[in-house]
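Please treat every number below as a calculation from the coordinates, not as lab data. Predicted model, so just to flag it, every value in this text is computed and none were measured. As a convention, Cβ positions derive from the backbone with ideal geometry for all residues, glycine included, and neighbour counts pool all protein chains shown.
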Ligand SMILES: [Zn+2]
């Protein structure tokens, strides 16, 4: 145990923990996480460590529940708390994607159909322009046969990260999805709008077989614009989540 992996000892570390708690509450309030799912952030001064809650429902997470893990999914801050079974999702995405600073894993119901049918999740509204980079589907059965569907070890985490590739989002057949970002707020923003886009796309597909999706250039341009506006949504979502928890 060393101070290097105890972010709570610095003001910046406390701020990051607090932001991660906010992310848990926002995602719960927005219906992206329920009793399950999780969100993490890479430790800025130690890129091979990340902060995440101990295993519990996101809406109930407090600063004291945040633990530090390394990329082998060892708890490194001396805590005896039980980590999430699927911490390897986060560790292996951080290992494969140095640009990623935060990861959300969700079981949102609106997204799951797109991992189960041969209809790709594509951007139908500008707020989900990041989906122009693709939303590949990870099918754990392809490499690991019959499992309980959870990403329980490094091999499974690496396979998920390989499916994600350079995309912002990957779907998980029969399970959920992951979203990534260069900050907690961006990963949360993308998780929320992945869920929204899935619901909108399903509605559009019921109305017609001919759906006008954003083309790649439109999606990338929208993503660039939206990335400058995230604080606006983040402030509102935090307020709403705080009011609910009051
Ligand atoms: Zn899961």
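Protection proxy ranking, highest mean first, for peptides 169-176, 137-144: 169-176, 137-144, where packing is the per-residue count of other beta-carbon atoms within 10 Å, averaged.
Per the Debye calculation on the chain with a single equal scatterer at every Cα and no solvent contribution, log₁₀ I(q)/I(0) for q = 0.14 Å⁻¹ amounts to -0.88. The convex hull drawn around the Cα atoms of segment 40-109, when projected onto a plane and averaged over every direction, covers 5.0 nm².
Go ahead and collect, in residue order, the members of segment 130-144 whose backbone nitrogen is under 19 Å from a label point 7 Å along the Cα-Cβ direction of residue 96. The answer is 131-144, whose backbone nitrogens lie closer than 19 Å to the label point. Using alpha carbons only, how many degrees (0 to 90, rounded to 10) separate the axis of helix 184-207 from the longest principal axis of the chain? The helix 184-207 is inclined about 20 degrees to the chain.
Extending 7 Å from Cα along the Cβ direction at residue 36 and again at residue 15 yields two label points whose distance is 3.6 nm. A Förster distance of 22 Å, applied to the separation of the beta-carbon atoms of residue 246 and residue 80, puts the FRET efficiency at 0.10. Efficiency by 1/(1 + (r/R0)^6): what FRET value for residue 213 and residue 116, r their Cβ-Cβ distance, R0 = 25 Å, to the nearest 0.05? E between residue 213 and residue 116, to the nearest 0.05, is 0.80.
Compared with the dominant principal axis of the Cα atoms in the chain, helix 216-227 is inclined by about 40°. For the chain, find the longest principal axis of its Cα atoms and tell me its angle to the long axis of helix 230-245, 0 to 90°, nearest 10. The two axes meet at around 70 degrees.
Percent of alpha carbon pairs in segment 148-204 separated by more than 18 Å? Cα-Cα pairs of segment 148-204 separated by over 18 Å account for 41 percent.
Plainly put, segment 127-243 has a radius of gyration that is 1.01 times its Kirkwood radius, both from alpha-carbon atoms, as the Rg/Rh ratio. The stretch between residue 162 and residue 224 holds 19.9 nm of extra length on full extension. This uses 0.36 nm per residue minus the Cα-Cα distance.
Summary of the geometry: segment 186-246 and segment 64-107, compared by the centres of their Cα atoms, lie 25 Å apart.
A crude spin-label estimate for the pair residue 144 and residue 231, with each label 7 Å from Cα along the Cβ direction, gives 3.9 nm.
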